[in-house]
Amino acid sequence: MTATAARPTVSPPASRRRVPGWARTMLVVAAGLVILSVTATLTGQLQLTSRGTTQAAVLLLLPILFAGLGGLWAERAGVVNIGLEGMMILGTWGAAWAGYQWGPWAAVLGGLIFGALGGLLHAVATVTFTVNHIVSGVAITLLGLGVTKYLSTLLFLPVSQNPRQSPRVEGFDTYSVQPLSDGLAAVEAEQRVLLSDVAGILGGLVSGLTPLVVLGFALVPISYLVLWRTRFGLRLRSTGENPVAAESLGVAVVTYKYIAVVASGALAGLGGAALTLNPGQLGYLEGQTGGRGYIGLAAMIFGNWRPGGLLAGSALFGYVDGVQLRAGGEAVHALLYGATILAAALAVLWVARRQWRPAVVALVAGAVVYGLYQTIDTVPREFAAYAPQLVTLLVLAVASQRLRPPAAVGEEYRKGEGD
Amino acid sequence: MKRIRTVLLPPALAIVFAALLCAVALVISGDSPLTALGAMITQVGEGTTAVDIINSGAIYYVAALAVAIGFQMKLFNIGIEGQFRLAACVAAIVGGALVLPPVIHTIVIILVAAAVGALWAGIAALLKAYRGVSEVISTIMLNFIATGLIAFLIRRDTFGLLQGNNISTAPIPESGRFPGISLGSSGTIFGMVFVAALLGVGYWYMLGRTRFGFELRASGESPTAATAGGVDARRMVIIALLLSGAVAGLVGIPELVGRDFAYTLTSPQGYGFTGIAVALLGRNHPVGIALGALLWAFLDKSALALDNVGVPREIVLIMQGSVVLSVVVAYEIVRRYELAAEQRRVSAQLRAVPVPEQQEVRS
């Protein structure tokens, strides 16, 4: 959380034939698809690219995506929000309480409001009272846990006969984009290399949708547009980069920080609502969040404090989780094979760029992963369940030095301190 | 006088505020705060409660010390939870497998636990020092991975045994156990309670009396000044996290060598997060942490007594959460008040003296 790269790195003067950002993203996505498809074909683990896995991945990534967006809003305004977990817990409770009485849309609103209340508390502590952000976040997580347990005993116990659980909450109906969904299903059933794999993944993305899924994916470009393409967003981000300078330009720093942190809580609360309303979920369940707030924060750091990046981070997380839940340790084992291909491809790329050291590192890592793949038949169930966390840790270890957090994130700011 | 006011007033204010908040919550839900308070106070004299508070307090104390070592350097070791659970699990496996003479056996178990805790924290330390990965995120991820590793280690085809309908490690033989002080029907105080107290003394000595402690605090106060003074920041990060992890490794030991003698699937969890809260309550001061740990243990034990008089036990969790948040806010309020008072005092002095000197009053 320390500001390691305070100075923005100067971009090299017009490198030859620079590929635009969107094209690079498309290339990375395409490369990922090819690797997955090759892995699925060679290892026979067709579940890796099936429609069901993708659907599961989407539902699993949704709470993480909301939490990550919450982290993005807060940290762009310079406030570390490790209380996302607590706000998410509040969100699950609020969603269940409103949801079992007035239906799914009320649940969404309930989660949003309860999460925003948690965010408001965080804002009061960190912005008004300049309490250390981590300290306040940990306290809010404790408090969120306590408040929801207390309220559940009070309000859910008489109805559900169980203090750890809410009454049944009606979820959203799922729907699919027709006729695209059926068409893709037909292609997937043909079992052609690459084509069927792509159809499986796309099919998972256009079927089994709920309004909340659509909202989650829509909020990624919306967050980008609001934070990077409006005056409001520029001011909000300026309070996270250099609050004193922002103040000297007449920006109401405290107001912007409040808005950002409350929005952050609301987004985390939406993540809680997404958990409560998940198809197959009864409603609120104690311990339901299972640390997804923290994982959302990790996904955001993984995504370099950018909306697109955090979508990729939560997708990675949701995907690995979906694979291990649907197909178990053998499919995760097959992912090791995919990781080997990835390492080899990266090594080739770096050799082509004449960057020898990273190329050697990639080759060695690939060899180690391949050795692991050959020596074990399946990843033990206990590790498969935590594969997403392991992947996050590995990716951070490799990529963290290229990340650039907002310059003043986590720093205490007092109004008028620049005078 | 002023020192007492700045040190003791905030926690007192915070406790009163949290108690008021809980009283309001209880009144709203139709319970009597006075009944609740009465039940909480009378429980201390009943059965083994007093001893339980001391035993739990010692565990929280060790956990909070582990957190505080990191806090001194502004490092947030959220991973105490994973470190202590993995350490207790491995120590139980090693302790159950070895045959050693009595005292040595116990010492080996304790050392193994400290080493495993340090090792697990060491991953985060290396990632932080060499790859710049925030220790907050890496330790949280390591907590999850530790859970998986423990589940794997106590599987029946690795080191686990089926005991009734619970899976556990092989029990530690008599020679590896740490005898406690039996108080008859009031319970048994863990022998490890005294080790915890020694750790507190060691912590105080390290911080205040050694070069390392000075460098640790200096790095926390101002990393740039410390670097200019010849402190190797990278080395400090690694040592601080290793030390924090080693202490964290001991958190599970009092119960392991004093009561349970094996690590099971249902062995306690959550001490790591309690440790963070207690370290905040005690402001990283060895005596403050002790008081915070006892308060926390007292509140924990109150849950049962509250249940008996029909008050929802979850009110204790609200009390704990609000006490932590209000204590940090209270310190800030008192600090601001003192600063304003200081400024008024200085400006009054300056007005009294005819030739004003240039004086910097900002902290």
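The values are calculated or read from the model by the stated rules, or taken from the named source; none is laboratory data. What you see is a predicted model, and the numbers here were worked out from it, not measured in a lab. Counting neighbours? That spans all protein chains shown, and the Cβs are built from the backbone with ideal geometry, glycine included.
Does any residue of the stretch A:177-188 turn out to be more than 14 Å from chain B (Cβ to nearest Cβ), without any contact (Cβ under 8 Å) to a residue 12 or more places away in the chain and among the acidic types (Asp, Glu)? Within the stretch A:177-188 (the criterion being more than 14 Å from chain B (Cβ to nearest Cβ), without any contact (Cβ under 8 Å) to a residue 12 or more places away in the chain and among the acidic types (Asp, Glu)), the answer is yes, since at least one residue qualifies. Within the set A:66, A:156, the sole residue that is modelled with pLDDT of 95 or more and of a type in the set (Phe, Trp, Tyr) turns out to be A:66. Here residue B:326 meets each of (1) modelled with pLDDT under 85; (2) surrounded by 13 or more Cβ atoms within 10 Å (Cβ to Cβ) with one exception, condition (1). Checking each residue in the stretch B:128-140 for being out of contact with any Ser or Thr (no Cβ under 6 Å at 6 or more places or on another chain) and within 7 Å of chain A (Cβ to nearest Cβ) picks out B:134, B:136, B:137, B:138, B:140.
When A:271, A:293 are checked against the criterion of being within 15 Å of the chain's Cα centre (by Cα), away from every other protein chain (no Cβ under 14 Å) and of a type outside the set (Asp, Glu), a single residue qualifies: A:271.
Of the helices (runs of 4 or more DSSP H) entirely within the stretch A:90-188, those holding at least 3 residues that are small (Gly, Ala, Ser) occupy A:104-123, A:133-151. When residue A:129 is tested against (1) facing another protein chain (nearest Cβ under 10 Å); (2) surrounded by 23 or more Cβ atoms within 10 Å (Cβ to Cβ); (3) not β-branched (Val, Ile, Thr), exactly one condition is not met: (2). In the stretch A:196-286, counting only helices (runs of 4 or more DSSP H) that sit wholly within it, the ones holding 1 or more residues that are within 18 Å of residue A:170 (Cβ to Cβ) span A:211-229, A:253-276. Restricted to the stretch B:141-173, and to residues that are exposed (fewer than 15 other Cβ atoms within 10 Å of the Cβ) and in contact (Cβ under 8 Å) with a residue 40 or more places away in the chain, which residue is farthest from the other protein chains (Cβ to nearest Cβ)? Ranking the qualifying residues of the stretch B:141-173, first place goes to B:163. Please determine, by comparing only the residues of the stretch B:33-51 that are touching a helix residue (DSSP H, G or I) at 6+ places or on another chain (Cβ under 7 Å), farther than 23 Å from residue B:193 by Cα and in contact (Cβ under 8 Å) with a residue 40 or more places away in the chain, which one is surrounded by the fewest Cβ atoms within 10 Å (Cβ to Cβ). It comes out as B:39. When we screen A:309, A:328, A:371, A:322 for residues that are under 23 Å from the mean Cα position of the chain (by Cα) and either within 12 Å of chain B (Cβ to nearest Cβ) or without any contact (Cβ under 8 Å) to a residue 24 or more places away in the chain (or both), the only hit is A:309.
A count restricted to the stretch A:146-176 and to residues that are more than 14 Å from chain B (Cβ to nearest Cβ), of a type in the set (S, T, N, Q) and crowded, with 17+ Cβ neighbours inside 10 Å stands at 3. Can we say residue B:160 is closer than 21 Å to residue B:96 by Cα, at pLDDT 90 or above, in contact with a Ser or Thr (Cβ under 9 Å, 6 or more places away or on another chain) and not acidic (Asp, Glu)? It is false that residue B:160 is closer than 21 Å to residue B:96 by Cα, at pLDDT 90 or above, in contact with a Ser or Thr (Cβ under 9 Å, 6 or more places away or on another chain) and not acidic (Asp, Glu).
The residues of the stretch B:254-279 that are hydrophobic (A, V, I, L, M, F, W, C) and under 9 Å from the mean Cα position of the chain (by Cα), listed by number, are B:273, B:276, B:277, B:278, B:279.
Within the option set B:259, B:351, B:335, B:313, being among the basic types (Lys, Arg) and closer than 23 Å to residue B:5 by Cα holds for one residue only, B:335.
Only one entry of B:88, B:114 meets the criterion of being over 12 Å from residue B:176 (Cβ atoms) and surrounded by fewer than 24 Cβ atoms within 10 Å (Cβ to Cβ), and that entry is B:114. Residue count for the stretch A:236-262, restricted to those that are under 30 Å from residue A:156 (Cα atoms) and crowded, with 24+ Cβ neighbours inside 10 Å: 1.
Working only within the stretch B:320-348, note down all residues that are within 8 Å of chain A (Cβ to nearest Cβ) and more than 20 Å from residue A:127 (Cβ to Cβ). Of everything in the stretch B:320-348, just one residue is within 8 Å of chain A (Cβ to nearest Cβ) and more than 20 Å from residue A:127 (Cβ to Cβ), namely B:320. Kindly establish whether residue A:111 is away from chain B (no Cβ under 14 Å), modelled with pLDDT under 95, surrounded by 24 or more Cβ atoms within 10 Å (Cβ to Cβ) and at negative phi. When the stated conditions are applied, residue A:111 does not pass them. Residue count for the stretch A:387-397 under the criterion of being within 8 Å of another protein chain (Cβ to nearest Cβ) and farther than 9 Å from residue B:141 by Cα: the result is 2. Residues in the stretch B:65-80 that are under 16 Å from residue B:252 (Cβ atoms) and of a type in the set (Gly, Ala, Ser): B:66, B:79.
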